[in-house]
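The values are calculated or read from the model by the stated rules, or taken from the named source; none is laboratory data. Note that the coordinates shown come from a computational prediction; the quantities given were computed from them, not determined experimentally. In this analysis, Cβ positions are derived from the backbone assuming ideal geometry, glycine residues included, and neighbour counts consider all displayed protein chains.
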Amino acid sequence: MTYQGVLQKMQTELTDPIDYYLVFEDSFLNLNQVLGKNLEIQFQGYQCLNCGQPKKIFRQGFCYDCFMKSPAVGDWIMKPELSTAHLGIEDRDLEYEKRVQLQPHIVYLALSSEVKVGVTRKTQVPTRWIDQGAIEAVPIVEVPNRYLAGITEVALKEHFTDKTSWQKMLKNDVVQADLVKEREKVQNWLPKEILPYYTEYAKIYDLHYPVLHYPKKVSSLNLEKVPDYKGTLTGIKGQYLMFEDGTVFNVRTYEGYVVKLSL
């Protein structure tokens, strides 16, 4: 059985364990059903997720021209403290930026490799935590726009990392921590304009992934250097496919790549 199309990040469903899907234009594949089976990935070309042209992908599924122009990849995406839509100031497209920035955002703690702080739109809970391979997550505050979430994250980065070690996450080498106790520490570190949004109680999310066994060592698959790879799928975590030989494939990295998958 074969599937062909443009890679986009895996879609997920919060089940136990989490269900993962690769969705193409005319078909979709439930990857949980492929666990323990051989999967071949063949690189066939590029298709920019923004303009749809067969142009080499630069970053985040976009060709160079689209990456430099599209509001969907402005600097405020990675650095929410740079958001300016609440001031009516445009970065690339004010109407787009208002739609994305001026909505409820969550600042959270998550446990993926160690305790990290992050920001996500409320509509992306719990997808954001699944995408980073977190095994637990807890909201800290819900604020009405991306800027307020950004300055909160900046303040808390003095006490927590904002990065995940993908190697440790995939090997399940996760620091033991009590997120409830870690969350209790943050009230004294919050910017004063954020304090009204803080509440003492927050729900803990537990996330379980479809993994047959975790690798001891991991090696990342580079589709341009190895355009035809075949292996036995043994796990899915974050946005990674994990194979029996220790090879891991970051689907998010290869958004915009045209591939053929064979089972």
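Among the candidates 243, 249, which residue alone is among the aromatic types (Phe, Trp, Tyr) and over 16 Å from the mean Cα position of the chain (by Cα)? Answer to the check: 243. Among the conditions (1) assigned by TED's automatic domain parsing to the domain that holds residue 12; (2) closer than 19 Å to residue 92 by Cβ, residue 46 misses just one, which is (2).
Inspect all residues belonging to the range 27-36 and state whether any of them is aromatic (Phe, Trp, Tyr), touching a Gly at 6+ places or on another chain (Cβ under 9 Å) and either in a strand (DSSP E or B) or more than 18 Å from residue 4 (Cβ to Cβ) (or both). Taking every residue of the range 27-36 in turn, none turns out to be aromatic (Phe, Trp, Tyr), touching a Gly at 6+ places or on another chain (Cβ under 9 Å) and either in a strand (DSSP E or B) or more than 18 Å from residue 4 (Cβ to Cβ) (or both).
For the range 117-135, give me each residue that is in a strand (DSSP E or B) and either in contact with a Leu (Cβ under 7 Å, 6 or more places away or on another chain) or of a type in the set (Asp, Glu) (or both). Within the range 117-135, just 117 meets the criteria. Residues that are under 30 Å from residue 22 (Cα atoms), loosely packed, with under 13 Cβ neighbours inside 10 Å and without any contact (Cβ under 8 Å) to a residue 24 or more places away in the chain do not occur anywhere in the range 174-188. Each residue in the range 67-91 was checked for being assigned to a loop (DSSP other than H, G, I, E, B), without any contact (Cβ under 8 Å) to a residue 60 or more places away in the chain and more than 21 Å from the chain's Cα centre (by Cα), and 4 of them qualify.
Any residue at all in the range 49-58 that's closer than 29 Å to residue 98 by Cα, within 22 Å of the chain's Cα centre (by Cα) and touching a residue at least 60 places away in the same chain (Cβ under 8 Å)? Scanning the range 49-58, I find at least one residue that is closer than 29 Å to residue 98 by Cα, within 22 Å of the chain's Cα centre (by Cα) and touching a residue at least 60 places away in the same chain (Cβ under 8 Å), so the answer is yes. Considering only residues in the range 123-153 that are within 24 Å of residue 252 (Cβ to Cβ) and β-branched (Val, Ile, Thr), the one that is surrounded by the fewest Cβ atoms within 10 Å (Cβ to Cβ) turns out to be 123. Here the strands (runs of 3 or more DSSP E) wholly within the range 168-263 that include at least 1 residues being modelled with pLDDT of 95 or more and β-branched (Val, Ile, Thr) are 228-237, 247-250, 257-262. Once the range 50-66 is narrowed to residues that are in contact with a strand residue (DSSP E or B) (Cβ under 6 Å, 6 or more places away or on another chain) and not in a helix (DSSP H, G or I), the residue that is farthest from residue 262 (Cα to Cα) is 50. Across the range 80-109, the qualifying residues are those that are among the aliphatic types (A, V, I, L, M) and in contact with an Asp or Glu (Cβ under 7 Å, 6 or more places away or on another chain), and the one among them that is surrounded by the most Cβ atoms within 10 Å (Cβ to Cβ) is 107. Just one of the numbered conditions (1) under 23 Å from residue 75 (Cβ atoms); (2) not in a loop (DSSP other than H, G, I, E, B) is not true of residue 158: (2). The set of residues in the range 153-194 that are more than 15 Å from residue 116 (Cα to Cα) and of a type in the set (A, V, I, L, M) comprises 170, 190, 194. Checked against the criterion of being farther than 19 Å from residue 36 by Cα, in contact with a Lys or Arg (Cβ under 9 Å, 6 or more places away or on another chain), surrounded by fewer than 16 Cβ atoms within 10 Å (Cβ to Cβ) and of a type in the set (A, V, I, L, M), the range 211-234 has no qualifying residue.
Being within 27 Å of residue 83 (Cα to Cα), in contact with a helix residue (DSSP H, G or I) (Cβ under 9 Å, 6 or more places away or on another chain), modelled with pLDDT of 95 or more and of a type outside the set (A, V, I, L, M, F, W, C): is that true of residue 146 here? Answer is yes for this residue.
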